[in-house]
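S.K.: Have a look at this one.
The values are calculated or read from the model by the stated rules, or taken from the named source; none is laboratory data. From a predicted model like this one, the values you see are computed outputs, not experimental measurements. Reconstructed Cβ throughout: ideal geometry from the backbone, glycine too, with neighbour counts over all protein chains shown.
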Amino acid sequence: MKYFAEIETIKGTEDNVSNFTYYYAFIEISKEGNLYKIYDVKLFGEDFLCVPYHGWSHNAEFVVDIKYGDWCKLVKERYPTKQKGYVKNIYFKGTDGNDYKFVFFQLTNDTDIEIAQYKKDEKGNWNLIKIDPGKCL
């Protein structure tokens, strides 16, 4: 099982000043018998203050439009974003005729992190996929 977490910490500095530091993490849990154990943790630091200046790569809609639309030529029509709490679902019709759903989590600093990609099958089920937009360049 895989979980997502965002962590806010208070960190001291050498000159005795405290500040808040933010991280997000992907935590993998494995089941061993009747116990659940942490299998892996991938921790990423957040640059809380500079996000507004980084442009499109921090915005889910722009990521889908640019990486999967411009780079991969996959997006024919992007539908309105559906957001519930910190979860953003981006739906679009692909140039291949398929329906897609990309899931992003919105961090405290308003950065959108891509979590999963799905393609709808002929029975209406969403199947997990993995498209690497870097390979489209």
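S.K.: Quick one: count up the residues across the range 1-22 that are exposed (fewer than 11 other Cβ atoms within 10 Å of the Cβ) and closer than 21 Å to Tyr36 by Cβ.
M.R.: From the range 1-22, those exposed (fewer than 11 other Cβ atoms within 10 Å of the Cβ) are 1, 9-20; that's our starting set.
If we keep only those that are closer than 21 Å to Tyr36 by Cβ too, we end up with 1.
The qualifying residues number 1.
S.K.: Considering each residue of the range 1-21, count those that are part of a strand (DSSP E or B) and either over 16 Å from the mean Cα position of the chain (by Cα) or not hydroxyl-bearing (Ser, Thr, Tyr) (or both), and give that number. Steps first, please.
M.R.: Taking the range 1-21 as the starting set, the residues that turn out to be part of a strand (DSSP E or B) are 2-12, 18-21.
Cutting the leftovers down to either over 16 Å from the mean Cα position of the chain (by Cα) or not hydroxyl-bearing (Ser, Thr, Tyr) (or both) gives us 2, 4-12, 18-21.
Qualifying residue count for the region: 14.
S.K.: For the subset of the range 36-81 comprising residues that are hydroxyl-bearing (Ser, Thr, Tyr) and under 20 Å from Phe26 (Cβ atoms), which member is modelled with the lowest pLDDT? Can you show your working first?
M.R.: Taking the range 36-81 first, the residues hydroxyl-bearing (Ser, Thr, Tyr) are 36, 39, 53, 57, 68, 79, 81.
With under 20 Å from Phe26 (Cβ atoms) added as a condition, the list becomes 36, 39, 57.
Numbers: Tyr36: 92, Tyr39: 91, Ser57: 86.
Only one residue fits best here, namely Ser57.
S.K.: Is it true that Ser30 is free of Cβ contacts under 8 Å to residues at least 60 places away in the same chain, under 21 Å from Tyr3 (Cα atoms) and outside any loop (DSSP other than H, G, I, E, B)?
M.R.: So Ser30 fits the description; yes.
S.K.: To continue, here is another question. Conditions: (1) within 22 Å of Tyr3 (Cα to Cα); (2) charged (D, E, K, R); (3) without any contact (Cβ under 8 Å) to a residue 60 or more places away in the chain; (4) in contact with a Leu (Cβ under 9 Å, 6 or more places away or on another chain). Glu46 meets all but one. Number of the miss?
M.R.: Here Glu46 meets the rest and fails (3).
S.K.: Take the range 78-106 and flag every residue that is part of a loop (DSSP other than H, G, I, E, B) and β-branched (Val, Ile, Thr).
M.R.: Within the range 78-106, the first condition is being part of a loop (DSSP other than H, G, I, E, B), and the residues that meet it are 79-81, 85-86, 95-98.
Across the range 78-106, the qualifying residues are Thr81, Thr95.
S.K.: While we're on this one: Of the residues that make up the range 66-78, is at least one in contact with a helix residue (DSSP H, G or I) (Cβ under 7 Å, 6 or more places away or on another chain) and over 20 Å from Ile129 (Cα atoms)?
M.R.: Within the range 66-78 (the criterion being in contact with a helix residue (DSSP H, G or I) (Cβ under 7 Å, 6 or more places away or on another chain) and over 20 Å from Ile129 (Cα atoms)), the answer is no, since none of the residues qualifies.
S.K.: Next up: Run Lys76 past the list (1) surrounded by 15 or more Cβ atoms within 10 Å (Cβ to Cβ); (2) without any contact (Cβ under 8 Å) to a residue 40 or more places away in the chain; (3) not aliphatic (A, V, I, L, M) and report the number of the one that doesn't hold.
M.R.: Among (1) surrounded by 15 or more Cβ atoms within 10 Å (Cβ to Cβ); (2) without any contact (Cβ under 8 Å) to a residue 40 or more places away in the chain; (3) not aliphatic (A, V, I, L, M), Lys76 violates only (1).
S.K.: Is it the case that Thr95 is within 25 Å of Lys135 (Cα to Cα), in the same structural domain as Leu137 (by TED's automatic domain parsing) and at pLDDT below 90? Don't jump to the end; show me each part of the working.
M.R.: Working: within 25 Å of Lys135 (Cα to Cα): yes; in the same structural domain as Leu137 (by TED's automatic domain parsing): yes; at pLDDT below 90: no.
When the stated conditions are applied, Thr95 does not pass them.
S.K.: Any idea which residue in the range 107-124 is nearest to Gly94 (Cα to Cα), counting only those that are of a type in the set (S, T, N, Q) and not in a strand (DSSP E or B)? Before you say what the answer is, go through the steps one by one.
M.R.: To start, the set of residues in the range 107-124 that are of a type in the set (S, T, N, Q) comprises 108-109, 111, 117.
Okay, now just the ones that are also not in a strand (DSSP E or B), so 108-109, 111.
Numbers: Thr108: 30, Asn109: 30, Thr111: 25 Å.
Selected residue: Thr111.
S.K.: Going by the conditions given, is Thr81 surrounded by 11 or more Cβ atoms within 10 Å (Cβ to Cβ), assigned by TED's automatic domain parsing to the domain that holds Asn109, within 27 Å of Trp126 (Cα to Cα) and touching a Leu at 6+ places or on another chain (Cβ under 8 Å)?
M.R.: On the way: surrounded by 11 or more Cβ atoms within 10 Å (Cβ to Cβ): yes; assigned by TED's automatic domain parsing to the domain that holds Asn109: yes; within 27 Å of Trp126 (Cα to Cα): yes; touching a Leu at 6+ places or on another chain (Cβ under 8 Å): no.
Taking the combined requirement at face value, the residue does not satisfy it.
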